[in-house]
Structures are given as structure tokens and as C-alpha cells.
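Some notes on the structure that comes next.
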Amino acid sequence: MIKTALVTGGTRGIGAAISKHLLKEGYKVAATFQRNQAQAQKFERETGIKVYCWDVKDLKACEEGVRQIEKDLGPIDILVNNAGITSDVSFHKMSSFQWNDVIDTNLSSCFNMCQAVIDGMRTRQYGRIINISSINGQQGQFGQTNYAAAKAGIIGFTKSLAIETAQKGITVNAVAPGYIKTEMVQAVKPEMLDKIIARIPVGRLGEPEDVANAVSFLASEKTGFMTGATLTLNGGQYLT
Ligand code: CAA
């Protein structure tokens with residue numbers, strides 16, 4: 001049986017690389033987006049991957065979206081919680097909107113999406129859930145109390161859900177990328193980014209495909225003994 005994968009935020013950046021990689025490996029793939037419709041349509045035309053628009057902050061929208069994808073492609077076997085945003089600013093200047101927006105988009109989205117798929121996975125006794133964390137959830141980062149809290153939260157969420165689902169054929173793992181060549185990272189001020197790159201032992205930003213490779217490893221049927229783990233790929237910048 002061909003397995004079905006759902007990648008949130010799957011039409012741009014790291015998410016797009018994951019969607020394309022999983023398609024190449026023979027999975028049926030659905031990708032969600034929220035804001036950039038033109039890019040999502042272009043992605044769908046170019047890849048043949050069906051795209052769906054909803055806000056991962058909204059539990060009801062997640063449940064309805066998952067139901068629609070299951071009608072179109074079949075039960076979701078693999079969920080990649082990749083959708084995320086930054087809203088970087090020093091804590092003393094951070095608004096509660098900036099805090100909540102980042103926590104809800106990056107962390108509560110994992111609750112919403114897992115709620116939407118977990119009963120089906122438990123019934124079928126199979127699932128692969130992969131949550132995208134970040135180096136900055138592990139090490140902290142100036143200007144990212146919101147983002148680092150969400151990404152660290154993902155690691156605790158992953159471990160706990162992994163323990164709960166271990167006897168149901170479901171694995172739950174996290175991937176913690178370092179600084180990857182995406183629009184999100186390239187939005188950091190050049191002088192700041194140069195300083196960051198200088199601290200990466202391999203001497204460069206990562207490629208979105210580096211992350212896609214790790215996700216595809218965790219998505220495999222063969223990776224059933226690995227659960228609750230955090231795969232770190234950051235060019236040696238932070239060693240856990
Ligand atoms: N370390 C120490 N001091 C810093 C600093 C740093 N990294 N950044 C700024 N400062 C200092 C400034 O020099 C300034 O000092 P003075 O008041 O004495 O002049 C003070 O802090 C305040 O600076 P700003 O007013 O510029 O601070 P700000 O609140 O407007 O925002 C910032 C600063 C834009 C967040 C900046 O620190 C920054 O760009 N940080 C990098 C954030 C980052 O790495 N984001 C990653 C985005 S990509 C991503 O997140 C993907 C992933 O998973 C890796």
C-alpha cells in the first residue's frame with residue numbers, strides 16, 4: 001500500500017523540500033499553506049503535489065483539512081509538522097501578539113494537527129509523526145524568546161507523545177535544523193547572519209534537502225524502533 005504523507009507549510013522553504021523528497025520516494029503527498037497562494041499554486045503546477053489552504057492555529061480547520069485530504073488521497077500515515085514563523089525582537093519590546101502568534105503557529109499547531117490524525121493512526125496501529133524543531137529551541141537565541149520557547153516545547157511534546165503512542169505502532173520524532181538556506185533565515189540582517197555563519201563549523205548554511213533527508217529517514221517504515229528522538233542537523237554549530 002502506498003503511504004500518504006501530509007506536510008504543513010509544505011509549499012515553501014524546508015517544507016517544499018520535504019514534500020518533494022517524500023514524493024520522489026514514492027509516497028502520496030499533500031502540502032498545506034496559509035499565506036502565499038501564488039507560490040502554492042506554482043508549487044502544485046510544478047510538482048503535481050496537491051496543496052490545501054488552512055490556518056494550523058485553528059483546530060477545527062485542521063480537522064476539516066485532514067478529513068478532506070483523507071477523502072482525496074487516503075488515510076494519513078505520515079504527518080510532518082513543519083509550518084512555522086518567526087517574529088524576532090528583544091523580549092522587553094515583544095508584544096503579547098508576537099508571543100502568542102509564534103507559540104500558536106509553531107507549537108499549538110502540533111497539538112492541532114496531531115489531534116486531527118491521532119485517532120486514525122491509533123485505529124490503524126501505524127503512524128509516523130515528525131515535528132520540526134530548531135537549533136534555537138536547543139541553544140536559545142537573542143531576539144527569539146517566543147520562537148525558542150515554541151521550538152523547545154516541540155521537543156517535550158514529541159517525547160511525551162512518543163511514549164504515549166509507542167505501543168500503537170506510531171513513532172513521534174523531532175528534527176532540529178540549524179541555519180538553513182531559506183527565506184526565513186535570509187531575512188536575518190546580513191551582518192548578524194555573517195556572524196552566525198562564522199560560528200558554523202562546516203562553514204556554510206544548510207540546504208533544505210539536508211532536512212528533507214532526515215525527515216524521510218524518520219518517515220520510513222523501517223524506523224519503527226526510533227521514537228522520541230531529536231535528530232540534530234546544524235553543521236556542528238550546537239552539539240547536544
Ligand atoms: N547578541 C548580543 N547583543 C545583541 C544581539 C545579539 N545577538 N543582537 C542585538 N544585540 C544588541 C544590540 O547591539 C543593541 O545593543 P545597544 O542597545 O547597546 O545598542 C541591543 O541588543 C538591541 O538591539 P536591537 O534594538 O536591534 O534589538 P531588536 O530587539 O530590535 O532585535 C534582533 C534584534 C533583530 C532580534 C537581532 O538580535 C537579530 O537579528 N537576531 C538574530 C535572530 C535570529 O537568529 N533569528 C533566526 C531567524 S531564522 C530561524 O529562526 C530559523 C531557525 O530555526 C534557525
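The values are calculated or read from the model by the stated rules, or taken from the named source; none is laboratory data. Remember, predicted model here, so these are calculated numbers, not experimental data. Ideal geometry is used to build each Cβ from the backbone, glycine not excepted, and the neighbour counts take in all protein chains shown. Just the protein is used for accessible areas: all its heavy atoms, side chains included, with ligands, DNA and RNA removed. Shrake-Rupley method; radii C 1.70, N 1.55, O 1.52, S 1.80 Å.
Couple of notes before you dig in:
- Here K195 is the anchor, and the aspartates and glutamates within straight C-alpha reach of less than 18 Å, apart from those fewer than 8 places off in the same chain, are D88, E183.
- Placing a pseudo-label 7 Å from each Cα along the Cα-to-Cβ vector at N36 and R122 gives an inter-label distance of 3.7 nm.
- Averaging Cα coordinates gives a centre for segment 163-188 and one for segment 96-147; these two points are 9 Å apart.
- Accessible surface of C62, taken over heavy atoms with a 1.4 Å probe and every protein chain present, rounds to 0 Å².
- Taken about its Cα centre, the chain carries a charge dipole of roughly 220 debye when the Cβ of each Lys and Arg holds +1 and the Cβ of each Asp and Glu holds -1.
- Modelled label positions at D194 and F217, each set 7 Å beyond Cα in the direction of Cβ, lie 3.4 nm from each other.
- For the chain, the 222 nm mean residue ellipticity estimated from helices alone, with every DSSP H stretch of n ≥ 4 adding -39500 (n - 2.57) and the total spread over all residues, rounds to -14500 deg cm²/dmol.
- Per-residue accessible area (protein heavy atoms, 1.4 Å probe) orders F97, F225, F157 as F225, F97, F157, starting from the largest.
- Segment E44..E164, full-extension length gain: 39.7 nm, with 0.36 nm per residue of separation and the alpha-carbon distance subtracted.
- Within-12-Å neighbourhood charge of K181 [Cβ basis; K, R +1; D, E -1]: -3
- Other residues within the sphere of radius under 14 Å centred on the Cβ of N136, judged by their own Cβ, net out at +1 (K and R +1, D and E -1).
- Net charge over other residues, Cβ less than 10 angstrom from the Cβ of I2 (K, R count +1; D, E count -1): +1
- Unit charges on C-beta of K, R, D, E only; dipole of segment 92-222, Debye: 260 debye
- R199 exposes around 130 Å² of accessible area when a 1.4 Å probe is run over every protein chain in place.
- Selection from S19, V102, G48 lying farthest towards where the dipole of segment 1-127 points positive, charges on Cβ: G48
- Applying 0.36 nm per residue to the separation of R204 and F142 and subtracting their alpha-carbon distance, the gain on full extension is 20.3 nm.
- Using the Cβ-Cβ distance between F97 and K181 with R0 = 30 Å, the FRET efficiency computed as 1/(1 + (r/R0)^6) comes to roughly 0.55.
- Tensor-based shape of segment 17-65 (alpha-carbon gyration tensor, a/c under 1.5 rounded, otherwise prolate or oblate): oblate
- If you sort M226, M94 by accessible surface, 1.4 Å probe, largest first, the order is M226, M94.
- Segment 1-76 and segment 207-229 have their alpha-carbon centroids 18 Å apart.
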